[in-house]
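*Asks:* Just dropping this structure here.
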Amino acid sequence: QVPLVESGGGLVQAGGSLRLSCTASGRSSSNYAMNWFRQASGKEREFVAGLSWSGSSTLYADSVKGRFTISRNNAKNMVYLQMNSLKPEDTAAYYCAANFRGGVSITPSDYQSWGQGTQVTVSS
């Protein structure tokens, strides 16, 4: 497992943009898929976007398709989530997660390492 730390959250008006970053500290000897999940107050954690180690496989939740883009820089152990055209319903704590045992999955229990989360608040 690799410790993960998110950054880049904040308060933004509807229609605005934010870029989240996730740093994987230390080095892992294995390749790993990376996801972003989010959890709004009083709701279950939900899948947002996922990306394989090579970048050849990406997956997005229907609610963010066309607005969010996941990317990674393996040399820097970084994963990013570019969020455009933000809506109030995007308000949530956003978490990055790493899966060392398989490819991209939408299931939180498939992921072994998690960050502490970064809050995104979108005002109307």
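The values are calculated or read from the model by the stated rules, or taken from the named source; none is laboratory data. Predicted model, so just to flag it, every value in this text is computed and none were measured. With ideal geometry, Cβ positions are generated from the backbone for all residues, glycine too; neighbour counts draw on all protein chains shown. Please note that ligands, DNA and RNA were not included when accessible areas were found on the heavy atoms of the full protein model with its side chains. Shrake-Rupley method; radii C 1.70, N 1.55, O 1.52, S 1.80 Å.
*Asks:* Scan GLY26, GLY50, GLY8 and give me the residue that is within 18 Å of LYS87 (Cα to Cα) and either at pLDDT 95 or above or open to solvent by 30 Å² or more (accessible area, probe 1.4 Å) (or both).
*Replies:* GLY8
*Asks:* Let me ask something else about it. Among the candidates ALA33, ALA14, single out the residue that is under 19 Å from GLY117 (Cα atoms) and either touching a Phe, Trp or Tyr at 6+ places or on another chain (Cβ under 9 Å) or surrounded by fewer than 18 Cβ atoms within 10 Å (Cβ to Cβ) (or both).
*Replies:* It is ALA33.
*Asks:* Name the single residue, out of those in the stretch 103-124 being part of a strand (DSSP E or B) and open to solvent by 60 Å² or more (accessible area, probe 1.4 Å), that is modelled with the lowest pLDDT.
*Replies:* Among those that are part of a strand (DSSP E or B) and open to solvent by 60 Å² or more (accessible area, probe 1.4 Å), it is TRP114.
*Asks:* Across the stretch 61-72, what is the number of residues that are under 18 Å from CYS22 (Cβ atoms) and open to solvent by 50 Å² or more (accessible area, probe 1.4 Å)?
*Replies:* 1
*Asks:* The conditions are (1) free of Cβ contacts under 8 Å to residues at least 12 places away in the same chain; (2) within 18 Å of GLN112 (Cβ to Cβ), and VAL5 fails exactly one of them. Which is it?
*Replies:* Only one criterion is unmet by VAL5, namely (1).
Residue-wise test of (1) touching a residue at least 24 places away in the same chain (Cβ under 8 Å); (2) over 14 Å from the mean Cα position of the chain (by Cα); (3) farther than 19 Å from ASP90 by Cα.
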{"position": "PHE37", "(1), (2), (3)": "yes, no, no"}
{"position": "GLY42", "(1), (2), (3)": "no, yes, no"}
{"position": "SER52", "(1), (2), (3)": "yes, no, yes"}
{"position": "SER57", "(1), (2), (3)": "yes, yes, yes"}
{"position": "ASP62", "(1), (2), (3)": "no, yes, no"}
{"position": "ILE70", "(1), (2), (3)": "yes, no, no"}
{"position": "MET78", "(1), (2), (3)": "yes, no, yes"}
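*Asks:* Turning to a different aspect of this structure: Going residue by residue through the stretch 40-50, is there one that turns out to be acidic (Asp, Glu), in a strand (DSSP E or B) and closer than 19 Å to VAL120 by Cβ?
*Replies:* Yes, that holds for at least one residue.
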